[in-house]
Amino acid sequence: MSSSVLVIGASGYIGLGVALAFRRAGYRVYGLIRNEKHANMLQRNEIEPIIAQAFDNVQPFTDILNTCSVIIDAVGYTPKLSLSLLEIAIQTGKIRTQDGKLPHYAPLYIFTSGIMTYGDTSPTGRRPVDEMIKPRPQPATQRNSGSSSADVTAMKDREDYENHVLATSSAALKTTVVRPGFVYGGQGGFVADLFYSEPLVIQGRRDMRWSWVHIDDLGEGYVSIARAPRVVVDKQLYNLAAPNDNPSYEELRTAMAKAQGRQEKIEYKKAEEGVPTRWDTDSIINPAKAINELGWQPRHVGFVQEIETYYKSWAAHKSTQERKSTSHS
């Protein structure tokens, strides 16, 4: 594969997983990062780092950007930044296509969203929701410091931005939105950091379920989108999660605690006021569209089924980070 790909946020959990998947598929991969300390890690993985003071300031790298047939926003939704990144993609498309006169050179822009956009999927029962189901996002409630962006971002705003991205499609730029399930595997993301580090307490419902996807399977999903004919993926949403991998919250916390060797019993509490209602609801999605249209096939058997492997991987990563931090102090 001779095409080039730009991954914005390539040092992040999802960004790195996606960048690695494209490199495995033979693409030339550029990783846009803000911190030079991640450059060596990208280079070790055959990803060419581009270091920018800010993600929306890529003017010094315009020549590289114009060679990329795929541009991926792996940062996620941030109101001002997301619009700036989309505008960069639009301008890149205009240059590559001579203002749309050569539409066959139009790059593909993939925006990374998430399943929390759907809001509560419990009205469908245990039936997973597909991309034709209109989201019912709940307004986000600000938590205390230390919250993830998934906690505090207004999901309705993110849905509106998804629609804006898809509506931006033109002869100069093709657009796709990905809604990944909760991601696991490898170094782990914010969910692993949160659940492995916090007290063994379940507040509110214990039976809520979320769809999960392994980071490698997710990356392969992005590659499947990039390889598909543009007429197929343009202006399309894709759910990316493993079918039927949606353990209950209680099953998940129990398995994670067992993998950690924790001896204490789970403490059950009523939901506290101020906790976003999204964290007390189901988010179960149907990935059949990606499977049927793109031939995407998740290969991992499930988060809980191999939880000990994933815990060891997460713990090893944290240990490495701590050693590096100690050696630099």
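The values are calculated or read from the model by the stated rules, or taken from the named source; none is laboratory data. In this text, all values refer to a predicted model and were calculated from it rather than measured experimentally. Cβ coordinates were reconstructed from backbone atoms using ideal geometry, including for glycine residues, and neighbour counts include every protein chain displayed. Heavy atoms of the whole protein, side chains included, go into the accessibility calculation; ligands, DNA and RNA do not. Shrake-Rupley method; radii C 1.70, N 1.55, O 1.52, S 1.80 Å.
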**Report entry** Contour excess over end-to-end distance, with Cα ends at LYS270 and THR326 and 0.36 nm allotted per residue
**Finding:** 16.2 nm
Report task. Go ahead and estimate [θ] at 222 nm for the chain from helices alone: -39,500 (n - 2.57) per DSSP H run with n ≥ 4, summed, over the residue count, rounded to 500. Result -> -11000 deg cm²/dmol
Query raised in the report: In terms of modelled amide H atoms, which long-range or inter-chain residues lie less than 5 Å from the amide H of LEU240?
Result: ARG179, GLY181
Query - Residue order for GLU264, GLU322 - accessible surface, 1.4 angstrom probe, largest first - result: GLU322, GLU264
Report summary line: So the compactness index of the chain, its C-alpha Rg divided by 2.2 N^0.38 Å, takes the value 0.99
Report summary line: The extension gain from ARG206 to GLN53, computed as 0.36 nm times the residue separation minus the Cα-Cα distance, is 50.8 nm
**Report entry** Dimensions in Å of segment 1-130 - Rg and Dmax from alpha carbons
**Finding:** 16.2, 51
Query raised in the report: So how do 242-252, 169-179, 54-64, 97-107 stack up, highest first, on mean other-Cβ count within 10 Å?
Result: 169-179, 242-252, 97-107, 54-64
Query raised in the report: Between ASN292 and SER197, what is the spin-label point distance in nm, taking each point 7 Å from the Cα along the Cα→C-beta axis?
Result: 4.1
Report task. Compute the Cα gyration tensor for segment 246-316, then decide on rounded, prolate or oblate, letting a ≥ b ≥ c be the square roots of its eigenvalues: rounded whenever a/c is under 1.5, prolate when a/b is larger than b/c in the other cases, and oblate in all that remain. Result -> oblate
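Per residue, how much accessible area does segment 148-268 show when a 1.4 Å probe rolls over the protein heavy atoms, in square angstrom?
Here the residues of segment 148-268 average 38 Å² of exposed surface.
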Report task. Could you please state, rounded to a whole Å, how far the C-alpha centre of segment 1-49 is from the C-alpha centre of segment 62-138? Result -> 18
Query raised in the report: Can you list residues whose amide H is under 5 Å from ILE285's amide H, if they're 5+ apart or on another chain and H is modeled 1.01 Å from N?
Result: VAL129, SER211
Report summary line: Mean accessible area per residue over segment 76-123 (1.4 angstrom probe, all protein chains present, square angstrom) is 41
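Are any of the pairs LYS101/LYS235; LYS37/LYS174; LYS134/LYS269; LYS156/LYS235; LYS258/LYS312 more than 22 Å apart by Cα-Cα distance, and if so, which?
Values: LYS101/LYS235 20 Å; LYS37/LYS174 33 Å; LYS134/LYS269 32 Å; LYS156/LYS235 19 Å; LYS258/LYS312 12 Å.
Listed pairs above 22 Å: LYS37/LYS174; LYS134/LYS269.
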Query - Accessible area (Å², 1.4 Å probe, nearest 10) - MET116 - result: 10
Report summary line: One finds, for LYS258 and MET132 with R0 = 25 angstrom and r their Cβ-Cβ distance, a FRET efficiency to the nearest 0.05 of 0.05
Requested in this report: Can you tell me how much longer the chain between HIS104 and LEU83 gets when fully stretched, taken as 0.36 nm per residue apart minus their C-alpha distance, in nm with one decimal?
Outcome: 5.1 nm
**Report entry** Rule-of-thumb Rg ratio for segment 152-216 [Cα; 2.2 N^0.38 Å; N residues]
**Finding:** 1.54
Query raised in the report: Counting only protein heavy atoms and using a 1.4 Å probe, what share of the accessible area of the chain belongs to carbon plus sulfur, as a whole percent?
Result: 49
Report summary line: Given backbone amide H placed at 1.01 Å from N, residues whose amide H is under 5 Å from that of GLY76, ignoring those fewer than 5 places away on the same chain, are THR112
Query - For segment 203-329: rounded, prolate or oblate by the Cα gyration tensor [a/c cutoff 1.5] - result: oblate
Report summary line: One would report the antiparallel percent of DSSP beta bridges in the chain, rounded to the nearest 5, as 5
Report summary line: About its Cα centre, the chain carries a charge dipole, from +1 on Lys and Arg Cβ atoms and -1 on Asp and Glu Cβ atoms, whose size in debye to the nearest 20 is 280
Query raised in the report: Along the Cα-to-Cβ line of ILE90, 7 Å from the Cα, sits a label point; which residues in segment 175-191 have backbone N less than 11 Å from it?
Result: none
